[in-house]
Structures are given as C-alpha cells and as structure tokens.
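Let me begin by presenting the structure, written as structure tokens, before commenting on it.
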Amino acid sequence: MHRSFTAAETEVVSMRPATPADLPLLQAWDRAPHVLAAKGDEDWGWATELARQPPWREQLIARWQGRDIGFVQIIDPQLEDEHYWGECEPGLKAIDIWIGEADLLGQGLGTAMMRAAIQRCFDDRTTKAIVIDPLADNLRARRFYERLGFAHVEDRCFGDDACAVYRLERQDWERSQRSRPATR
C-alpha cells in the first residue's frame with residue numbers, strides 16, 4: 001500500500017550554499033522552540049562556521065517557492081575535524097536537517113528536504129550509507145526517519161545529548177526509489 005503525498009512533497013525543494021549573510025536567519029531559527037526541540041540547544045557557532053568551507057561538509061539553505069525554509073548539513077563523518085561521530089568507516093555521510101519556519105511544519109516539506117538531501121548524498125557514488133542522530137526522545141523525528149527507510153542502529157550519547165542513531169544503506173534507498181510511485 002502506498003501513501004499519498006502532500007502537495008509540498010511533490011514540489012521541488014532546492015538547496016543553496018549557506019553563507020555568512022545567512023547568520024541572522026540561522027540564529028533566528030536556532031531560537032525557535034520547534035528547532036530547539038529537534039536539535040537541542042547546542043551552539044553551532046554560526047559566525048565562525050559559515051565562514052569556513054571544509055571539503056568534508058556542505059551547509060545548505062533549503063528553499064521552496066522562493067522562500068528560505070530550512071537548513072541541511074551534510075558531512076563526511078570520517079573526515080569531520082571534531083570527530084563527533086567517533087571512528088567511522090569510509091563511504092558514510094551524516095545529515096542534520098530542520099525546517100526553520102514554524103508555519104511550514106506538517107506540510108511535507110521536511111520529507112521533500114530530506115529526500116533531496118539523501119539523493120545529494122547518494123549522487124556521490126562513493127557514499128554507501130547515511131547516518132543520522134535525532135534526539136532519543138524526539139519520537140516524531142524518529143518515525144519520520146523510519147518512514148524514509150532509516151533503520152535504528154543504536155542509542156548513543158553525543159556530548160550531553162541522548163540520541164538514537166539511524167542508518168540508511170544505499171541499496172535500500174535505491175530499492176525504495178524504484179518502487180516509489182511517480183509524483184507529478
């Protein structure tokens with residue numbers, strides 16, 4: 001049985017590189033209650049991080065219908081300089097994602113953003129799997145990732161945050177895309 005897709009999920013979500021000019025936008029999103037609930041209150045050091053462009057990371061602003069709607073970060077956890085994920089095998093990507101604008105929640109845009117981010121990761125043929133780490137008590141996010149095909153791997157603490165680690169294998173994503181009904 002296939003689920004129906006919302007209008008937002010069938011629309012194109014584009015992504016552009018985040019720049020230092022996005023600092024006020026990202027700081028405002030960071031203070032939003034729904035963003036704090038999704039990512040915790042960790043300080044991402046936006047002023048510093050937006051000025052850096054390491055080869056192992058992409059920081060992106062998601063756009064829909066000409067409007068900045070959210071943030072996506074894609075990293076290579078093996079090469080990331082703080083080793084947040086610890087020792088990692090080659091061929092992994094890790095994604096952080098959130099919708100910044102509260103009025104856009106529940107419209108399918110998170111799914112559209114995540115599908116675009118996943119595809120961006122797997123467009124790199126060396127990527128064999130994607131890992132994510134939602135807060136363990138964020139059951140809504142966990143169900144969201146499971147619907148996209150991510151499998152729970154383990155519960156783990158990252159700093160002070162209790163997280164649930166999920167993983168999506170390339171072959172599972174490709175199989176799901178072959179069986180996904182066409183939209184539009």
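Read the figures in this text as sums done on the coordinates, not as results from a lab. Remember, it's a predicted structure, so these values are computed and weren't measured experimentally. Don't worry about glycine lacking a Cβ; one is built from the backbone with ideal geometry, like all the others, and counts go over all protein chains shown.
Would you please report the Å³ per residue occupied by the convex hull of the alpha carbon atoms in the stretch 117-161? Kindly include the intermediate steps, with their values, before the conclusion.
Details: hull volume 4.2 nm³, N = 45.
Given the Cα convex hull of the stretch 117-161, per-residue volume reads 92 Å³.
Just want to confirm a number: the relative contact order over the chain, from Cα pairs under 8 angstrom separated by 6+ residues, in percent.
21 percent
Just to verify a number: FRET efficiency for Arg52 and Ser14, C-beta to C-beta distance, R0 = 22 Å, to 0.05? Walk me through the intermediate numbers first.
On the way: r = 23 Å, r/R0 = 1.04.
About 0.45, to the nearest 0.05.
At 37 °C and a viscosity of 0.692 mPa s, what translational diffusion coefficient does Stokes-Einstein give for the stretch 93-147, taking Rh as the Kirkwood radius over Cα pairs? Give it in µm²/s as a whole number. Mind showing how you got there, number by number?
Working: Rh = 12.3 Å.
Here the translational diffusion coefficient equals 267 µm²/s.
For Cys157 and Glu169, calculate 0.36 nm times their separation in residues minus their Cα-Cα distance, and state this gained length in nm to one decimal. List each step's numbers first, then the result.
Values: separation 12, 0.36 × 12 = 4.32 nm, distance 2.24 nm.
So the extension gain works out to 2.1 nm.
With viscosity set to 0.890 mPa s at 25 °C, what whole-number translational diffusion coefficient in µm²/s follows for the stretch 61-112 from Stokes-Einstein and a Kirkwood radius over Cα pairs? Walk me through the numbers before you get to the answer.
Values: Rh = 12.6 Å.
It diffuses with D of about 194 µm²/s by this estimate.
Using a 10 Å cut-off on Cβ atoms, rank the peptides 108-120, 80-92, 27-39 from the highest mean neighbour count down.
108-120, 27-39, 80-92
Mind putting a number on the dipole of the chain about its Cα centre? Charges go on the C-beta only, +1 for Lys and Arg and -1 for Asp and Glu, and I need it in Debye to the nearest 20.
Details: 24 positive and 31 negative charges, 234 e Å.
The calculation lands at about 1120 debye.
On full extension of the chain, what length is gained from Tyr84 through Leu23, given 0.36 nm per residue of separation minus the C-alpha to C-alpha distance? Could you put the intermediate results ahead of the total?
Values: separation 61, 0.36 × 61 = 21.96 nm, distance 2.28 nm.
Answer, rounded to one decimal: 19.7 nm.
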